[in-house]
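Here the structure is laid out as structure tokens; the discussion comes afterwards.
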Amino acid sequence: MDINYNTDVIVVGAGPCGISTAIEIAQAGKKVVLLDRAKYIGSKNMYGGAIYKTALKEIFQDDFNTLPYERIINSHSWAFLNNTGSVCITYQDDENKEAYAVKRSSLEKWMIDIAKKRGVYFAPNTLVKNLIQQNGYVVGVETELEKYYAPIVILADGVNSLLAKELNLREKYEPKDVILSVKETIKLDKKTIEERFNLKDDLTNGVVKMLLGNPEGVKNIFMMGFLYTFKDTIMLGVGANLADLVKNKININDLLEYLKQHNDIQPLIKDGQSLEYSAHLIPETGYNKMPKLTGNGVIIAGDAAGFVNSIHFEGTNYALISGKLAGKTAVNALNNNNYSQGYLSLYKKELDKSFILKDLYTYRNILNRLYDRRGSLMNYYPKKMKEFFDIITSANCKSKSVQFKNYFLSFLKDRNINELIKDGYMAFRCVLDIFFGR
Amino acid sequence: MENNTNKKSIQDKLTTIKYNCDNKTHLKVNQKKCAKCKDKPCTMICPASVYSVDENTNEIIVQYENCLECGACRLACPKGAIDWNYPSSGCGVIFKNS
């Protein structure tokens with residue numbers, strides 16, 4: 001059967017990845033239809049709270065200046081929580097204007113308005129049920145209402161990509177392959193936030209805090225909390241590996257509640273009104289479990305391809321740039337009238353040249369290395385940090401020499417010495433990974 | 001961390017969320033498989049507490065209306081007993097402030 005194509009390319013999923021893909025295609029003068037299952041764009045999406053400038057500027061150029069951000073994040077903290085307090089490192093610089101706190105409902109709305117101006121045809125409220133295949137090629141999608149045909153379909157349908165699953169492009173995901181994250185949006189007035197976080201009275205400064213360290217009694221979990229200041233809300237959330245949650249029979253909301261009640265956090269969110277609760281999965285499949293990125297007539301990008309570097313909290317930039325590269329490949333394929341897997345694998349080559357696969361390659365084992373030592377990283381060392389600062393912050397009228405000696409000896413006495421060696425070896429291997437990365 | 005306290009805490013949080021409720025479930029469980037599942041992780045890990053066990057019939061109750069569409073249950077289920085789909089076009093959770 002000869003197919004009457006309705007358009008040149010169909011992009012499934014209007015998040016940062018799908019929108020970026022569609023823009024790239026439309027700007028090359030091709031016809032592109034972008035489909036999304038949500039009624040209101042962005043309303044299915046959730047992230048920590050900030051998007052970075054470099055990738056946004058690459059896609060949106062001068063339109064970047066109209067980004068509806070609520071605050072520029074210019075203060076970054078890493079807090080190692082112990083049961084009663086924390087040890088915290090803060091980097092703050094008014095000139096650092098890389099990260100922007102934007103709500104997803106505003107972010108995607110802003111992106112799609114620009115995309116439409118650049119020629120993208122956007123269809124919200126449209127769930128893709130299946131892909132249509134013919135002679136081993138993907139040739140279109142089936143929505144609830146109709147069949148829609150295009151020589152190329154790009155899957156930007158997020159971490160749960162049921163379409164990639166349908167094509168068997170991805171290996172089966174296991175619980176250990178994802179982080180489950182929940183977040184609460186907490187309303188406070190603008191002035192209160194600025195007072196509590198020591199911010200100036202304008203929106204060019206804001207705070208992100210990474211919150212590391214497990215609650216006492218919760219072991220074998222690698223949890224990472226986060227807090228972002230918005231204009232008049234605080235985003236407080238936490239993520240943990242799903243396999244750990246299953247094994248330890250912990251609901252992720254328990255960890256969020258722990259953070260909310262922690263001595264460090266509670267005063268910051270006090271009297272705040274809970275505005276919204278949200279949840280999302282983050283893929284941690286990385287380089288080692290990367291899907292087949294292309295098939296005949298089909299390309300996968302963004303979260304659907306597992307393009308996230310969770311150690312650095314990077315995901316939206318991977319989505320934007322992998323989308324652009326997918327779009328670029330689609331345009332080439334259209335110009336050459338070749339939609340085979342072989343031709344579309346140009347996409348993989350483009351990704352190889354970009355930071356995306358370089359970084360995913362470099363970090364391919366680092367996450368596992370850290371994860372294997374999570375008891376040390378999330379329970380033991382935050383406790384030892386506290387002990388160190390207890391010594392140097394208390395004029396306790398005891399011999400400093402004895403205290404410091406005892407402190408350093410405690411690393412040998414607290415646990416089996418093997419643990420210390422394993423931690424050291426892990427750190428060494430991580431350094432080597434980065435040194436010999438791409 | 002008491003399980004009941006957590007359920008209460010989740011229920012409170014769910015009241016903050018807006019939904020456009022689908023008239024049919026997008027989450028189907030295979031009760032036969034669930035009956036053989038000892039731990040029933042879905043009842044513990046779901047951030048919206050969608051799954052619970054009916055005390056009388058011992059079957060899994062699915063409150064799909066509360067689903068946040070994260071997909072955790074699909075992967076956590078050791079029996080592959082959850083047929084997980086998206087709600088119909090335009091239905092399901094509506095995050096406005098995330």
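Here are some notes:
- Close Cβ contacts (under 9 Å, 6 or more residues apart or on different chains) running from residues in the range B:78-90 that are closer than 8 Å to B:Lys28 by Cβ to residues that are among the small types (Gly, Ala, Ser) comprise B:Ile82/B:Ala76.
- Meets criteria (farther than 17 Å from A:Ala50 by Cα, charged (D, E, K, R) and assigned to a helix (DSSP H, G or I)) for A:Lys289: no
- For the range A:161-214, the tally of residues that are more than 19 Å from the chain's Cα centre (by Cα), of a type in the set (S, T, N, Q) and outside any loop (DSSP other than H, G, I, E, B) stands at 1.
- Residue that is surrounded by the fewest Cβ atoms within 10 Å (Cβ to Cβ), among those in the range A:221-275 that are part of a loop (DSSP other than H, G, I, E, B) and either of a type in the set (Phe, Trp, Tyr) or facing chain B (nearest Cβ under 10 Å) (or both): A:Lys249
- Qualifying residue in the range A:23-37 (condition: more than 14 Å from A:Leu320 (Cα to Cα), within 14 Å of another protein chain (Cβ to nearest Cβ) and assigned to a loop (DSSP other than H, G, I, E, B)): yes
- Filter pass, B:Asn20 being of a type in the set (S, T, N, Q) and surrounded by 15 or more Cβ atoms within 10 Å (Cβ to Cβ): yes
- Scanning the range A:292-318 for residues that are charged (D, E, K, R) and either assigned to a strand (DSSP E or B) or touching an Asp or Glu at 6+ places or on another chain (Cβ under 6 Å) (or both) yields a single hit, A:Glu314.
- Among the residues of the range A:80-96, just one is of a type in the set (Phe, Trp, Tyr) and in contact with a Leu (Cβ under 9 Å, 6 or more places away or on another chain), namely A:Phe80.
- Condition met for A:Ile51 (in contact with a helix residue (DSSP H, G or I) (Cβ under 7 Å, 6 or more places away or on another chain), under 29 Å from A:Asn160 (Cα atoms) and part of a strand (DSSP E or B)): yes
- Selection count, the range A:161-184, where residues are surrounded by fewer than 24 Cβ atoms within 10 Å (Cβ to Cβ) and in contact with a Cys (Cβ under 7 Å, 6 or more places away or on another chain): 0
- Qualifying position, being away from every other protein chain (no Cβ under 14 Å) and buried (at least 22 other Cβ atoms within 10 Å of the Cβ), among A:Ser20, A:Ser43: A:Ser20
- Total residues in the range A:144-160, condition in a strand (DSSP E or B) and surrounded by 19 or more Cβ atoms within 10 Å (Cβ to Cβ): 5
- Only residues that are more than 14 Å from chain B (Cβ to nearest Cβ), of a type in the set (D, E, K, R) and out of contact with any helix residue (DSSP H, G or I) (no Cβ under 9 Å at 6 or more places or on another chain) were counted across the range A:150-200, and they come to 5.
- Count of the range A:103-132 residues which are without any contact (Cβ under 8 Å) to a residue 24 or more places away in the chain and not in a helix (DSSP H, G or I): 2
- For A:Gly213, the test of being at pLDDT below 95 and buried (at least 21 other Cβ atoms within 10 Å of the Cβ) is passed.
- Restricting the range B:23-58 to residues that are acidic (Asp, Glu) and either free of Cβ contacts under 8 Å to residues at least 12 places away in the same chain or surrounded by 13 or more Cβ atoms within 10 Å (Cβ to Cβ) (or both), the residue that is farthest from B:Lys79 (Cα to Cα): B:Glu55
- Scan the range A:369-420 for residues that are crowded, with 16+ Cβ neighbours inside 10 Å and free of Cβ contacts under 8 Å to residues at least 12 places away in the same chain and the total you get is 0.
The values are calculated or read from the model by the stated rules, or taken from the named source; none is laboratory data. What you see is a predicted model; the values in this text were computed from it and never measured. Quick reminder, even Gly has a Cβ in these numbers, built from the backbone with ideal geometry, and neighbours come from all protein chains shown.
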